[in-house]
Amino acid sequence: MNERNDHSDWDDEISALYRKIPQPVPSTDLDNRLLQAARQPVQPSATKTRRWPVPVAMAAVLVLGIGLVRTMDREMPHSPEPSALQTPQFEAQSGLGSRTMASEKKADIATPAPRPDAESQLQRLGDRENSSDQLEQHRVIPESIPAPAPLREQEEIRGRAEAEKRSDRQGQPKFSRAPLVWLQEIAALRRKGRDAEAKAGLEEFKRHYPDYPLPAHFDLPEQLSDDL
Amino acid sequence: MLSSASATPLQAVSKPSNETDEVLMLRYRNGETAAFEQLYVRHKGALYRYCLRQCSTTAVAEELFQDVWLKVINARANYTAQARFTTYLYRLAHNRLVDYYRAQSRTIPAVDCNDAEWTAIPTPACEQPEQQAERRGQAEQLLQLLNALPETQREAFLLREEGGLSLDAIAEVTGVNRETAKSRLRYAVAKLRQGLGALA
């Protein structure tokens, strides 16, 4: 208890003198009160019970809020912005002449943020595949009238995007190749004339992504599809 | 407020024990009230004087003393023998004393020693008659000198003298490093020695 050895400056004479001073002690009444208090059982601390409700309530609010937002997000119909839908249409016309290029630039200005999403990529893929058909079609469309995206095509794009999101949400298995990449490969095979491989690839693709809406030319009847 | 209606006289329950303070406190934590009584008997006088010598009146000293022990009692369920019990006890007392100083709008001076303090120390009792230089008179003078010390130095002296704490423990209790604690103690002893003059 006494640890004075580590202090060389300690004055034993002063210490001895200090011991000569009357050494008061607490009163007996105080002793008894404290001993009585010491005999009381440990009271459960109120702070322990009060410590939890606030964090628990905050966590509950957070979980409920996130759940609500996610549920609303799932249930709300997805409606892409019209400008976003129209952008690929302008891009499709990019190779048709300077007038179309000007329209494209205007469209870019109208839609300031580029949307490198599935819709535009799908549209580009379809455009590449149908480039010859589109060239034919655009020849008959007057250049002064920008061709509005057909309703069927818009729905198709929307369907693809939703299917892609659905597959993401529902935790469908992810494959090493993304659907768009896969479809590009199949299209490339077709262009090279390797129709058998393309057909096999398309069947494989449909097995993996049964709900994924294919571009129009992929849905042709088998005999016509084989001709592509 | 505490009741003294069914209190057992201290003399009847206290028995000397060779067990360390920490063991006694752990036993008390586990429900042995008798262990606390032994602990209380061991430290009550020193802790009481530590409080008394640093505040103005007996009533205040008793209040501080009671608060410290009640903290020990109420926190027994969470007690772990991580440090010496005396260090733990006097840390509680130091904190309570700081609270008291704050309530009194007093602050513990940060400066440990300066020339002004040295000159403020009462002159040695060399002019007193030989009869008055008896040990009792010197002891009373020592008490006066102790009261005149700066609070940090007086606390260091009392922790050493009453609590029997080491320099490291004093530093831990008062929240300073070892060198500061050593310096405070050295200044306190030097001032007391200088004040007593003839005794040195």
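The values are calculated or read from the model by the stated rules, or taken from the named source; none is laboratory data. Values in this document were obtained by computation on a predicted structure and should not be read as measured data. Cβ sites come from the backbone with ideal geometry, for glycine too, and all protein chains shown count toward neighbours.
Of all the residues that make up the stretch B:71-87, how many are in contact (Cβ under 8 Å) with a residue 60 or more places away in the chain and in a helix (DSSP H, G or I)? Adding up the residues that qualify gives 3. Flag not set for B:Leu2, criterion: aliphatic (A, V, I, L, M) and either farther than 15 Å from A:Thr28 by Cα or at pLDDT 90 or above (or both).
Among the residues of the stretch B:36-53, those identified as more than 7 Å from every other protein chain (Cβ to nearest Cβ) and either of a type outside the set (Gly, Ala, Ser) or more than 10 Å from the chain's Cα centre (by Cα) (or both) are B:Gln38, B:Leu39, B:Val41, B:Arg42, B:His43, B:Leu47, B:Tyr50, B:Cys51, B:Arg53. Here the stretch B:161-186 is the region considered, the condition is being in a helix (DSSP H, G or I) and among the hydroxyl-bearing types (Ser, Thr, Tyr), and the residue that is nearest to A:Ser15 (Cα to Cα) is B:Ser183. The listed residues are B:Arg53, B:Arg102, and the only one of them that is closer than 30 Å to B:Asn18 by Cβ, at pLDDT 85 or above and not hydrophobic (A, V, I, L, M, F, W, C) turns out to be B:Arg53.
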